[in-house]
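What follows is a short report on a single structure.
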There are 2 protein chains.
Amino acid sequence: MDPRIAEHAKIIVEWSAEIKKGDRVVIRASPAAQDLVVALNREIARVGAHPITIFDIEDASRAYIDAASEETLGRLPEHVKALYESCDAMIAIRSPLNTRAMAGADSKKMVLLSKTMRPLSNITLSKRWTLTVHPCNALAQQANMSLDEYRDFVYGATLLDWKEESKMMYVLKEHLERHSDIRFIGPETDLYAKTEGRIWIASDGKHNLPSGEVFTAPVEDTVGGKIYFDIPFLQRGKVIQGVRLTFEKGEVVDFSAEKEQDTLKSIIETDEGSRRLGEMAIGTNRGIKQYTLNMLFDEKIGDTIHCALGNAYKECNGRNESAVHVDMIKSMKEGEVIAGDEVIYSKGKYLWEM
Amino acid sequence: MDPRIAEHAKIIVEWSAEIKKGDRVVIRASPAAQDLVVALNREIARVGAHPITIFDIEDASRAYIDAASEETLGRLPEHVKALYESCDAMIAIRSPLNTRAMAGADSKKMVLLSKTMRPLSNITLSKRWTLTVHPCNALAQQANMSLDEYRDFVYGATLLDWKEESKMMYVLKEHLERHSDIRFIGPETDLYAKTEGRIWIASDGKHNLPSGEVFTAPVEDTVGGKIYFDIPFLQRGKVIQGVRLTFEKGEVVDFSAEKEQDTLKSIIETDEGSRRLGEMAIGTNRGIKQYTLNMLFDEKIGDTIHCALGNAYKECNGRNESAVHVDMIKSMKEGEVIAGDEVIYSKGKYLWEM
């Protein structure tokens, strides 16, 4: 087995999910993640904990949704709830066989199922939980890479010294929380927001692995100015590119996209909250050197910032509510991040590098 | 998808596990059983029930056992127990990637783990449960076949009219239970036992799919005579062949094997109960025309009988206890089964065919 898989498993167990003796662990994995499941079983055994693995197959979920009635999809599976409630930690491995298996599913049924399953998500959020990726052909294909290239990409982003990364992210958090506003400056960009009373969260590989971002929810009606997102992103099966947004009093008042502007329009017009920013964030993972149309990686690229239209995180004290949360990324090698009177980031350098 | 997979799923859901609206179902499957898991999801959705699939990977179990301490292996995973307790039906699919993955595992640890997990087996036995097979390369290899041949073999044995099969098996059961003894006669064979107070069970595709046997536990100290088992079988990684056993007052007093006699000896000498028969049975599945070294199929071959040394089934009122239960099969095309004064089977014909 690729020794990087064992190293990945060790980071998940020891750093991310902090599995300890006696822990009852639920792993969710697809058949493509088999090698990581084997490595996790070894690591979990070493610390004296107890794993069970739930088999995620997109085609099985698709067959279930296609054949189930709305009555069936509206019923919470109590045995799954019992499993979730009685576990201590959950490890979800994203490693699809086919990223587009749900594309043709009935969207009304999808929304209903996701609503039915919300109590399970809430139970997950109340435990130690980690979402990670195991390199597979479907994700390599989406990233425009061979599987071997994609493995190098994933492990380059994931097998970091997370204790060190965490220290740097907490320095950023501490400096950002000294101030009550944030400003992103760069080519075609000058975006400003108040952050008073909001919490900056250092995402240091506990819930997302890889991670590497420090994020907050801006005060909703204080976002103003304009921003140009130069990194493409995938939404609703479309690659949206070159997004320009202008904000006044927290709301998008003008927008354009170089590609898929209609999709951007439909996102912005989803509901009241989708016209506002739910997140502003700084990416810090320099192990990620290119975008791959997978937000788990792209929003963490080192020397970038990102903003999300839509729902805000309650942990940040965010209040914006929306059915969507759409991240958009901007490279900052030519830009600056300023909080109050302090330069947090400038043209390729974080504050401790200046 | 091979239409036989959908047909298999339909039989499992409707006949074997009798899944109905609202049922909470646990499926256990390996990555090789993916297509059947997809088909089962569709069938289970159709009847309005709720599946969750547990991922069985031999290499993961092996890694876990190798790395776990005895303390860890001795602890029952309470979250798995919670899942099992709150389900209505369990469907286990045998479809290994490698039938020999556990061969090198520490046998002391294996025994300990199996003891720890016994409460889970007992929970399973208290629910509706079905064990079936999905054709895969590992089982095809063990059966000395290509995967395509093996698919034909498995579906030939499995996609039967189980309602009709069941009727025939219940006729056998009814006739066998009219009498208080059983006798297997054939080349080098004349074996006799009392069956007073014992129950004959018709295995008609509910718990095992495929199935096709009617079995009981003989009165322990009444087994006498000799028998020649001409069909090879796999035990402890060895193919044992041409077993001859002689019984007096229920105990093996003489034995030989044409191949692997030492392995046979070690089985017989396991404990007190392993010198006695725990099962005597008649195979009835004419969809199975050859042995494949997989007991789930071999013991059900039509026109055969089989006996097991060791542990008896409590459901038959059997009392013999042993750590082993080793089935051995004899073809009966030249033989007879007689109960009391009635010929149950004779040279290729069951009683209703004579």
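The values are calculated or read from the model by the stated rules, or taken from the named source; none is laboratory data. These numbers were taken from a predicted model, which means no experiment stands behind them. Cβ coordinates were reconstructed from backbone atoms using ideal geometry, including for glycine residues, and neighbour counts include every protein chain displayed.
Listed here are the residues, each with its yes/no results for (1) on the phi < 0 side of the Ramachandran plot; (2) touching a His at 6+ places or on another chain (Cβ under 8 Å); (3) modelled with pLDDT under 95.
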| position | (1), (2), (3) |
| --- | --- |
| A:Gly197 | no, no, no |
| A:Ser203 | yes, no, no |
| A:Pro210 | yes, no, no |
| A:Val219 | yes, no, no |
| A:Gly224 | yes, no, no |
| A:Ile227 | yes, no, no |
| A:Gly237 | no, no, yes |
| A:Val243 | yes, no, no |
| A:Thr246 | yes, no, no |
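So for the stretch B:292-301 (the condition being crowded, with 21+ Cβ neighbours inside 10 Å and out of contact with any strand residue (DSSP E or B) (no Cβ under 6 Å at 6 or more places or on another chain)), does at least one residue qualify? Step through it out loud before you land on a result.
We begin by selecting, within the stretch B:292-301, every residue crowded, with 21+ Cβ neighbours inside 10 Å; these are B:292, B:297-301.
Then drop every residue that is not out of contact with any strand residue (DSSP E or B) (no Cβ under 6 Å at 6 or more places or on another chain), which leaves B:292, B:297.
Yes, the stretch B:292-301 contains a residue that is crowded, with 21+ Cβ neighbours inside 10 Å and out of contact with any strand residue (DSSP E or B) (no Cβ under 6 Å at 6 or more places or on another chain).
Being touching a Lys or Arg at 6+ places or on another chain (Cβ under 9 Å) and charged (D, E, K, R) holds for only one residue in A:Glu78, A:Glu7, and it is A:Glu78.
Scan the stretch A:78-127 residue by residue and report those that are loosely packed, with under 15 Cβ neighbours inside 10 Å, in contact (Cβ under 8 Å) with a residue 60 or more places away in the chain and not charged (D, E, K, R). Matches in the stretch A:78-127: A:Ala103 only. For the stretch A:1-16, a tally of residues being over 22 Å from the mean Cα position of the chain (by Cα) and among the aliphatic types (A, V, I, L, M) returns 2.
Taking the listed residues B:Val26, B:Val38, B:Val13, the one that is out of contact with any strand residue (DSSP E or B) (no Cβ under 7 Å at 6 or more places or on another chain) and farther than 19 Å from A:Asn98 by Cβ is B:Val13, with no other qualifying.
Within the stretch A:78-88, the set of residues being assigned to a helix (DSSP H, G or I) and either at pLDDT below 95 or within 7 Å of chain B (Cβ to nearest Cβ) (or both) comprises A:Glu78, A:His79, A:Val80, A:Ala82, A:Leu83.
When restricted to residues that are crowded, with 19+ Cβ neighbours inside 10 Å and either more than 7 Å from chain A (Cβ to nearest Cβ) or at pLDDT below 95 (or both), the stretch B:61-77 contains 3. Summed over the stretch B:40-49, residues that are in contact with a Phe, Trp or Tyr (Cβ under 9 Å, 6 or more places away or on another chain), surrounded by fewer than 24 Cβ atoms within 10 Å (Cβ to Cβ) and either more than 8 Å from chain A (Cβ to nearest Cβ) or within 17 Å of B:Asp88 (Cα to Cα) (or both) total 1.
Tell me whether the stretch A:166-187 contains one or more residues that are crowded, with 18+ Cβ neighbours inside 10 Å, at pLDDT 95 or above and either farther than 20 Å from A:Leu351 by Cα or among the acidic types (Asp, Glu) (or both). No. Quick one: is A:Val37 in contact with a helix residue (DSSP H, G or I) (Cβ under 7 Å, 6 or more places away or on another chain) and more than 8 Å from chain B (Cβ to nearest Cβ)? The answer is no for A:Val37. For the stretch A:13-30, taking the residues that are surrounded by 22 or more Cβ atoms within 10 Å (Cβ to Cβ) and over 18 Å from B:Thr72 (Cβ atoms), the one that is farthest from the other protein chains (Cβ to nearest Cβ) is identified as A:Ser16.
The residues of the stretch A:81-97 that are among the charged types (D, E, K, R) and more than 16 Å from the chain's Cα centre (by Cα), listed by number, are A:Lys81, A:Glu85, A:Asp88.
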